[in-house]
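To start, the structure under review is shown below, and the notes come after it.
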Amino acid sequence: MIRIRNLESGYGKLRVLKGISIHVNTGEIVAIIGGNGAGKTTLLYTIANLVKPFSGTITVLGTDSTGLSPEKTVALGCSLVPEGRQLFPTMTVRENLILGSYPLMKKREKRRLPEEMERIYSLFPRLKERENQLAGTLSGGEQQMLAIGRALMSDPQFIMMDEPSMGLAPIIARDIFNKIEDLRNHGRTILLVEQNARAALRIADRGYVMETGNLIIEGSSEELMDNPDVGRAYLGKDFKRISE
Amino acid sequence: MSFEQVLQYIFSGITVGSIYAVVAIGFNIIYNSTGIINFAQGEFVMMGGIIAHSFTPTMPLFLAVVLAVVITTAVGSLIELVFIRSLKNPSVLRMIIITIGLSILIREIALHIWDEKIRALPFFTGSEVTSITIFGAHISPQVLWVLGITALIVVALQFFFYFTFTGQAMRACAANRKAASLCGINTRKMVNLSFCLSAAIGAVAGCTVSPLTQTHYAMGTPLAIKGFTVAILGGLGNSTAAVLAGLLLGLLESFSISLLPMAYKDVIAISILLLILFFRPGGLFQSRQIVALKSF
């Protein structure tokens, strides 16, 4: 589905990613965990071509997407739900969703709009209730739903999500994670970046651990959960042991 | 002041006001898609009138106007391609300085191609002595042309921005450029389109007012200042409010002439600009909800 080889990327002269190679197979949820400043967001931005890579190759859905424009990358079927939602706050929920279908519109598949819209509303019935409300007035959880919904409107096969649980109450975050699992069960492939490592690994099939621009550990979710280093650094296991 | 006189002032006020409004709308379109104030907006108005004037001896007026609008639009597009697009992560301030430079450049080029003479397009219908009497006030039919075309521009733009897909994409681009790219929108194309659109609108306005207010190479800057005042008064980015603000400023100016010496006319616009910037930077008509959601 997606294969990244020796990717180096960053901003100006600052090298953030120092040679990253990852792959995601069709129908998988792959989690990338790591602390602040590890380069997780930069990795997603580079795959989405918002940031131009210094070197390395990105292959998405069988096409070499290295250095394409962001809009062409979306048209390939590779969507990003960015960190902090990035909605259009002064536009309504409905307008936000319609804008997400831009690649379909360009392919003259306008008639698919109602169908896609219905699909999003059945996944997030809450959005249907708020259809005509301005996006900026939604609650945090609803905004996250809208951000995911908007990314899904172009009917992407591959979806990247950057910190979807950020700033949400635990119960709402759990709801979002359930929806992400739903998406996978409906055949989509997901690359998930999370600080909330425990929740991410719970729904993921495999995971990578990133630290200062490098991948340091990779494995199945179970392996990562049981790995003592991962446990200490990202799952807070030591704390438990100390407190016992 | 007699009733007829009041009416006369009102008509001249809304004529001038609607031109300010159109210039302000030009500001708003570019501001909305790029966050910059294009101070060359007034020059688009000048170009429309002056180019159409050069064509009038050789072709019918309508064709000359269309050609002038097309050429001005092409210049607008070219400005974006050459001066704006090549900048990598420019600061807003830098882009604004560039547009001020461009406005000077265009003005000087116009002075070289044409000259400093004042010219005017022929009246669209009738001549300078034709007048229509409405409740005792005499107005030129050109005033009706100006009002009609302004109204048409405003309605067409509202339709474009709220009911067409490209218009919505342009609004998205204005709200959050990164998110717009992530939706698959070609943001560079949208920015270019916004320059084309505001150049075209400016040129149309330049042609319609030319018979009334005359056209010369340096008319752009004063118009840009008035248009900017109106854009701020209505709230940057809000085109419907710009129309109301434009009419308000036009009326204030035209009534001020009856009370104060003519020379004080511009003082009103500048004082309003300062007062608004001090006390209500969001503009007169901006809704609270929208202001709260926008980040300036």
Rounding to the nearest 10 and keeping the result within 0 to 90°, find how far the Cα-based axis of helix B:61-79 lies from the longest principal axis of chain B. 30 degrees
Log entry: pair-distance distribution for region B:3-295, C-alpha pairs binned every 5 Å from zero, whole % per bin is 1, 6, 11, 17, 19, 17, 14, 8, 5, 2, 1, 0
Once the in-chain neighbours fewer than 8 apart are removed, the aspartates and glutamates whose Cα is under 16 Å from A:LYS106 read A:GLU71, A:GLU116, A:ASP155
Calculate how many DSSP beta bridges within the protein assembly as shown are antiparallel, expressed in % of all such bridges and rounded to the nearest 5. 60 percent
Residues with amide H under 5 Å of A:ILE20's amide H, sequence separation 5 or more or different chain, H placed in the peptide plane at 1.01 Å from N; which? A:ASN6, A:LEU7, A:GLU8
Number of Lys pairs (Cα under 19 Å; 8 or more positions apart or on different chains) in region B:3-295: 5
What are the ³J(HN,Hα) couplings of region B:40-52, residue after residue, when phi is run through the Karplus curve with 6.51, -1.76, 1.60 and θ = phi - 60°? Round to Hz, x for glycine and proline. 8, 4, x, 5, 4, 5, 4, 4, x, x, 6, 5, 4
When the Karplus curve 6.51 cos²θ - 1.76 cosθ + 1.60 is applied with θ = phi - 60°, which whole-Hz ³J(HN,Hα) does each residue of region B:212-229 get, with x for Gly and Pro? 8, 10, 6, 10, 8, 4, 9, 6, x, 4, x, 5, 4, 5, 5, x, 5, 4
Chains A and B: how much accessible area gets covered up at their contact, both sides added, probe 1.4 Å, in Å² to the nearest hundred? 2300 Å²
Short version: ³J(HN,Hα) in whole Hz for each residue of region A:40-55, in order, from phi by Karplus 6.51 cos²θ - 1.76 cosθ + 1.60 (θ = phi - 60°), x for Gly and Pro, what are they? 5, 5, 4, 4, 5, 4, 5, 5, 7, 6, 6, 10, 7, x, 6, 7
Can you give the Kirkwood hydrodynamic radius for region B:79-194, in Å, rounded to one decimal and based on Cα pairs? 18.4 Å
Please compute, for peptide A:153-160, the average count of beta-carbon atoms on other protein chains lying within 10 Å of each residue's beta-carbon. 1
Which residues, if any, in region A:120-144 have at least 40 Å² less accessible area in the whole protein complex than in the isolated chain, probe 1.4 Å? A:LEU134
Simple Cβ-charge dipole of region A:146-244, Lys/Arg +1 and Asp/Glu -1, about Cα centre, in debye nearest 20: 260 debye
Work out the length of the dipole vector of region B:3-295 about its Cα centre, built from +1 on the beta-carbon of each Lys and Arg and -1 on the beta-carbon of each Asp and Glu, and round it to the nearest 20 debye. 1180 debye
Where only alpha carbons of chain A are counted, the Rg and the Dmax (Å): 17.9, 62
Expected sort for B:214-222, B:268-276 on mean C-beta neighbours within 10 Å, highest first, is B:214-222, B:268-276
Per-residue ellipticity at 222 nm for chain B, helices alone: DSSP H runs ≥ 4 residues times -39500 (n - 2.57), over residue total, nearest 500 deg cm²/dmol? -24000 deg cm²/dmol
In terms of the charge dipole of region B:173-296, which places +1 on Lys and Arg and -1 on Asp and Glu at the beta carbon, the residue among B:PHE255, B:VAL243, B:LEU197 farthest towards the positive end is B:LEU197
Whole percent per 5 Å bin, from 0 to the bin with the longest distance: what is P(r) over all C-alpha pairs of region B:177-296? 2, 9, 14, 18, 18, 16, 10, 6, 3, 1, 1, 0
Nearest-0.05 FRET efficiency for A:ARG112 and A:GLU223, computed from C-beta distance (R0 45 Å): 0.65
Computed over chain A: longest principal axis from alpha-carbon atoms vs helix A:113-123 long axis, angle to nearest 10 degrees, is 50 degrees
Result for chain A: accessible area per residue, probe 1.4 angstrom, in square angstrom, of 43 Å²
Summed side-chain charge close to A:THR46 - residues other than A:THR46 whose Cβ falls under 13 Å, Lys, Arg +1, Asp, Glu -1: +3
State the answer as a single residue: which of B:VAL22, B:ALA175, B:LEU67 lies farthest towards the positive end of the charge dipole of region B:3-295, with beta carbon charges of +1 for Lys and Arg and -1 for Asp and Glu, about the Cα centre. B:ALA175
Taking the Kirkwood radius as the inverse of the mean 1/r across Cα pairs, report the Rg/Rh of the protein assembly as shown. 1.08
Once label points are set 7 Å from the Cα along Cα→Cβ at both B:LYS265 and B:ILE109, what is their separation, rounded to one decimal in nm? 2.9 nm
Calculate how steeply helix A:140-152 sits against the longest principal axis of the alpha-carbon atoms of chain A, using the helix alpha-carbon long axis, and give the answer as 0 to 90 degrees to the nearest 10. 70 degrees
For the protein assembly as shown, the percent of accessible surface on carbon and sulfur atoms (probe 1.4 angstrom, ligands and nucleic acids excluded) is 61 percent
Under the rule of at least 5 residues apart or a separate chain, name every residue whose amide H is placed under 5 Å from the amide H of A:ALA31. A:LEU192, A:ASP205, A:ARG206, A:GLY207, A:TYR208
Mean other chain Cβ within 10 Å across A:77-85 is 2
Which of the peptides A:117-126, A:195-204, B:43-52 is most tightly packed, and how do the rest follow, judged by the mean count of other Cβ atoms within 10 Å per residue? B:43-52, A:195-204, A:117-126
Rounded to the nearest whole Å², what accessible area per residue is found for chain B with the 1.4 Å probe? 45 Å²
Got a sec? What order do A:TYR45, B:TYR264, A:TYR234 fall in by accessible area at 1.4 Å, biggest, i.e. largest, first? B:TYR264, A:TYR234, A:TYR45
Chain A: relative contact order from alpha carbon pairs under 8 Å, six or more residues apart, as a whole percent, is 27 percent
What order do you get for A:217-230, B:19-32 when each peptide is scored by the mean count of other beta carbon atoms within 10 Å, highest first? B:19-32, A:217-230
Just the C-alpha atoms of region B:13-149: what Rg/Rh do they give, with Rh taken as the Kirkwood radius? 1.03
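The values are calculated or read from the model by the stated rules, or taken from the named source; none is laboratory data. These figures come from a predicted structure and were not determined experimentally. Note that each Cβ is placed from the backbone with ideal geometry, even for glycine, and that neighbours are counted across all protein chains shown. Keep in mind that these areas ignore ligands, DNA and RNA; they rest on the heavy atoms of the full protein, side chains included. Shrake-Rupley method; radii C 1.70, N 1.55, O 1.52, S 1.80 Å.
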